[in-house]
Amino acid sequence: MNSNVRFVLVNTSHPGNIGAVARAMKNMSLKQLYLVDPKCFPHADATARASGADDLLEEAKVCATLEEALIGCELVFASSARSRRLSWPTLTPRASITAISEARAGAAVAIVFGRENSGLTNDEIAKCNYLVSIPSNPQYSSLNIAAAVQILAYELQLKSMEEQAGKGLQVEKTMKTVRLVTSDELEGLVGHFQRVMEELEFIEPGKPKTVMRRLRRLFTRSKLDVDELNIFRGLLSAVQNKFKLLNNNT
Ligand code: SAH
């Protein structure tokens, strides 16, 4: 299961932290490192702190946006210490890893980590299915990014070893025939909803924030599959066509 899990670091400032993350991942047999718009990369400090995990740095995928880093992912976690105004389903690291192990075999999964100084924005969190929060001292809750990565990577390793050991004893995973929507497909659906809602003047163009975020939360929570996505896309297109027809006739 671990080979399908990517660790995504958003806007990391210190290259040394990127190296330390690579090391933490390699220790736990993880390979897929994605860097969204890193401040300084590649950098000698990253290589030094990776101490032998520089193969992960060489193969790291550098992306311009978070959306790009999440392409193809069916399950996305945002790692954060802070509670937000807009509540988002929140899991412990262990519960997150259980959710990963219960996902469709082969499903691409991402765990997203924020900036050292300010974490992740609400809009970035809204692109994820769950928040994952490491239980820590409420008065001093923020871990170094590589330490946070280490805890999640360790839980993944532990789960994967347990699964290996229990092979044969476990009940076969149910064969899911229809896959869940990917992060980019969900973006497409939310964008389509926004266009239709603007066309119908249900929301004011350019001021969609809260309602769109709530809608996004509904979709991520309900884990849409591709068939369900297509129903929504078809319905939205039908609404648009009817609306055009009505407008042309008046
Ligand atoms: N000052 C920032 C903390 C950033 S620490 C803030 O207030 O958000 C860098 C990243 O490490 C965070 O964005 C998060 O992805 C991860 N992290 C740190 N502490 C964590 C915790 N207790 N639980 C989950 N993730 C944590």
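I'd like to verify a number: residues in region 99-148 that are on the phi > 0 side of the Ramachandran plot and more than 14 Å from the ligand (Cβ to nearest atom), how many? Looking only at that region, the number is 1. For VAL109, the test of being open to solvent by less than 50 Å² (accessible area, probe 1.4 Å) and modelled with pLDDT of 95 or more is passed.
Tell me yes or no: at least one residue of region 56-67 is under 19 Å from the mean Cα position of the chain (by Cα), part of a helix (DSSP H, G or I) and surrounded by fewer than 15 Cβ atoms within 10 Å (Cβ to Cβ). Yes, some residue in region 56-67 is under 19 Å from the mean Cα position of the chain (by Cα), part of a helix (DSSP H, G or I) and surrounded by fewer than 15 Cβ atoms within 10 Å (Cβ to Cβ). Restricting region 215-227 to residues that are part of a helix (DSSP H, G or I) and touching a residue at least 24 places away in the same chain (Cβ under 8 Å) leaves a set whose member that is most open to solvent (accessible area, probe 1.4 Å) is ARG221.
Here are LEU180, LEU152, LEU200, LEU245: which of them is closer than 30 Å to SER29 by Cα and open to solvent by 30 Å² or more (accessible area, probe 1.4 Å)?
Among LEU180, LEU152, LEU200, LEU245, only LEU180 is closer than 30 Å to SER29 by Cα and open to solvent by 30 Å² or more (accessible area, probe 1.4 Å).
Looking only at region 1-27, which residues are farther than 17 Å from HIS43 by Cα and within 16 Å of the ligand (Cβ to nearest atom)? Listed by number, the residues that qualify are VAL5, ARG6, PHE7, VAL8, ALA24, MET25.
In region 81-95 there is at least one residue that is under 30 Å from THR210 (Cβ atoms) and either touching a Pro at 6+ places or on another chain (Cβ under 6 Å) or in a helix (DSSP H, G or I) (or both). Within the option set ILE100, ILE71, ILE18, being assigned to a helix (DSSP H, G or I) and in contact with a helix residue (DSSP H, G or I) (Cβ under 6 Å, 6 or more places away or on another chain) holds for one residue only, ILE18. Per the conditions (1) surrounded by fewer than 20 Cβ atoms within 10 Å (Cβ to Cβ); (2) part of a loop (DSSP other than H, G, I, E, B), the sole criterion not satisfied by CYS128 is (1).
The values are calculated or read from the model by the stated rules, or taken from the named source; none is laboratory data. Only a predicted model underlies this, so the values are computations on that prediction, with no experimental measurement involved. When we count neighbours, we look across all protein chains shown, and the Cβ atoms used for this are built from the backbone with ideal geometry, even at glycine. Side chains are part of the model used for accessible areas, which takes the heavy atoms of the whole protein and leaves out ligands, DNA and RNA. Shrake-Rupley method; radii C 1.70, N 1.55, O 1.52, S 1.80 Å.
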